[in-house]
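As structure tokens, the structure follows; a few thoughts come after it.
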Amino acid sequence: MAIESGHPTQQPCVHCGECVRVCPDALNPETLFFALVRDDFASARDGRLDACSECHRCVEVCPSHIPLLDWLRWGKSEQAARARAEAARERYLARDARLVRERAERAAARREVRPTVAAALPAQTISHAEVLAAIARGKARRRGKHP
Ligand code: SF4
Ligand code: SF4
């Protein structure tokens with residue numbers, strides 16, 4: 001993530017708990033920050049990332065000048081983007097499953113119709129003599145004669 005902030009040089013978190021103390025939404029900006037650094041969106045969601053009202057207080061008190069709010073904003077937008085992508089994927093899979101099901105239903109319907117049509121057709125039989133006569137007629141035609 002590219003962080004742009006006007007903070008002085010960022011230092012490692014000293015776990016002072018100041019950001020937690022000032023948060024009006026009862027969040028733990030420190031743990032949210034570390035969850036987002038680890039790309040751990042499940043923990044960020046459990047930590048109620050969405051509830052951040054972006055008041056900026058945690059940034060103001062952080063002695064390590066960590067751009068907490070930049071991280072939290074990025075985390076919220078990334079979380080929303082991932083949720084949209086997941087919803088789109090689920091829609092795609094549902095559509096795929098529906099098409100497969102409909103194809104199978106059409107094939108099953110065709111299998112049911114086919115014997116009925118075959119049964120409705122008259123039984124066609126041809127005798128050995130008729131086969132020989134047809135062959136003879138074909139040969140005669142090829143020789144330019146007619147039987
Ligand atoms: S910016 Fe968000 S996390 Fe930080 S103090 Fe305000 S509400 Fe809490
Ligand atoms: S205020 Fe800054 S240094 Fe202190 S716990 Fe929060 S993130 Fe860490």
Task: Table column - 3J(HN,Hα) (Hz), the range 100-107, Karplus curve with 6.51, -1.76, 1.60, x for Gly and Pro - done: 5, 5, 5, 5, 5, 5, 5, 5
- [ ] Considering the options A80, V20, C55, tell which one lies farthest towards the positive end of the dipole of the range 18-89, charges being +1 on Lys and Arg and -1 on Asp and Glu at the Cβ, about the Cα centre.
- [x] A80
Task: Rounded tilt (10° steps) of 128-142 against the dominant C-alpha axis of the chain - done: 90 degrees
TODO: Take the chain, connect every pair of alpha-carbon atoms lying under 10 Å apart with a spring to form a Gaussian network, then pick out the residue of V100, V131, V22 with the largest mean-square fluctuation.
DONE: V131
Task: Surface share of carbon and sulfur [accessible, 1.4 angstrom probe, percent] for the chain - done: 55 percent
Open item on the list: Could you give each residue of the range 63-75 its phi-based ³J(HN,Hα) in whole Hz, using Karplus coefficients 6.51, -1.76, 1.60 with θ = phi - 60°, and x for Gly or Pro?
Closed with: x, 9, 6, 7, x, 4, 5, 4, 5, 5, 5, 4, x
- [ ] Give the whole-number value, in cubic angstrom per residue, of the convex hull volume spanned by the C-alpha atoms of the range 1-102.
- [x] 105 Å³
TODO: Just grab the label-to-label distance for I126 and R101, each label 7 Å out from Cα along the Cβ direction, in nm (one decimal).
DONE: 4.7 nm
Task: Estimated distance in nm for a label pair at A140 and E54, the labels positioned 7 Å out from Cα along Cα-to-Cβ - done: 9.6 nm
Task: Rough spin-label spacing in nm, given labels placed 7 Å along Cα→Cβ, for L93 and R110 - done: 2.9 nm
Task: Solvent-accessible heavy-atom area per residue, rounded to whole Å², over the range 18-89 at 1.4 Å - done: 52 Å²
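The values are calculated or read from the model by the stated rules, or taken from the named source; none is laboratory data. Since the model is a prediction, treat every value here as computed from it, not as a measurement. Glycine also receives a Cβ, built like all others from the backbone with ideal geometry; neighbour counts cover every protein chain displayed. Remember, those area values only see protein heavy atoms, side chains included, never the ligands or the DNA or RNA. Shrake-Rupley method; radii C 1.70, N 1.55, O 1.52, S 1.80 Å.
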